[in-house]
Amino acid sequence: MFGACQAGITALTERLGQPDQAGLVYAAMGVTSEVAGLCMAAVPARVGLTTRRRAATAAACALSLPLLWTDALPALYATVTVLGVAYAPHLITVFGLTERVVPPARLAEAMALATSALVGGQTLAVAVTGRLAESYGPAAAFGAASLAAALACLIAPAARPESYTGRAVEESDRL
């Protein structure tokens, strides 16, 4: 979703004749993402990581949909600024789950793999959705972002990660 949004933002700002705005638009999303990430510290421990991941995934899905109809710079700023609220909580939660599902001796390796997968996935998404945006317009890239979010949202309720000790992560969250 991250890469597809980036491709859509770049394509739309270019189509609007303001390609220099792409970085600023993406930064606006980053600012709200950062604030939301910092606010995650205030979420009570009783709200487990699996619940947090499901909520963040659902938020990303719902908040990405307005991108499909965004066709002006002010609307793009507004839409991605709100969408940014879902990004950091999702990433923080996924890395938190990673920490709980691997043995401590494998934590550095698992985090490196998760980080590499994130960067590699974003790279691949930008390449593929950039081509979509070139051929079909920014809405195609944004559609791919929303589709990725929808798929993640559909998978989230079924995914029940277990810690390396064999207990469900929700149980081990409270230890």
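Quick rundown of the values:
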| item | result |
| --- | --- |
| Answer label for Rg/Rh (Cα atoms, Kirkwood Rh) (calculated), chosen among [x] 1.15; [y] 0.95; [z] 1.01 | [z] |
| For the stretch 84-131, the Rg and Dmax computed from alpha carbons only, in angstrom | 12.9, 41 |
| Signed unit charges on C-beta, dipole axis of the chain, positive-most listed residue Ala152, Pro104, Ala125 | Pro104 |
| Cys residues of the chain counted as unpaired, since no other Cys beta-carbon is under 4.7 Å | Cys5, Cys39 |
| Summed residue charge, Cβ within 15 Å of Gly3's Cβ, Lys/Arg positive, Asp/Glu negative | 0 |
| Tilt relative to the chain, helix 22-39 - C-alpha long axis, 0 to 90 degrees, to 10 | 30 degrees |
| ³J(HN,Hα) computed for each position of the stretch 77-83 - Karplus, 6.51 cos²θ - 1.76 cosθ + 1.60, integer Hz, glycine/proline x | 4, 4, 5, 6, 5, 5, 4 |
| Relative contact order [Cα under 8 Å, 6+ residues apart], the stretch 19-175, whole percent | 33 percent |
| Computed over the stretch 1-74, Kirkwood Rh from alpha-carbon pairs, angstrom | 14.0 Å |
| Formal net charge of residues neighbouring Leu73 (Cβ-Cβ distance under 13 Å; K, R +1; D, E -1) | -2 |
| Angle in degrees between helix 2-15 and the longest Cα principal axis of the chain, rounded to the nearest 10 | 10 degrees |
| Accessible-area value, Leu24, 1.4 Å probe, nucleic acids and ligands omitted, Å² | 100 Å² |
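The values are calculated or read from the model by the stated rules, or taken from the named source; none is laboratory data. Nothing here was measured: the structure is a model prediction, and the numbers come from that model. Neighbour counts are summed over all protein chains in view; Cβ atoms, including those assigned to glycine, are modelled from backbone coordinates with ideal geometry. Just the protein is used for accessible areas: all its heavy atoms, side chains included, with ligands, DNA and RNA removed. Shrake-Rupley method; radii C 1.70, N 1.55, O 1.52, S 1.80 Å.
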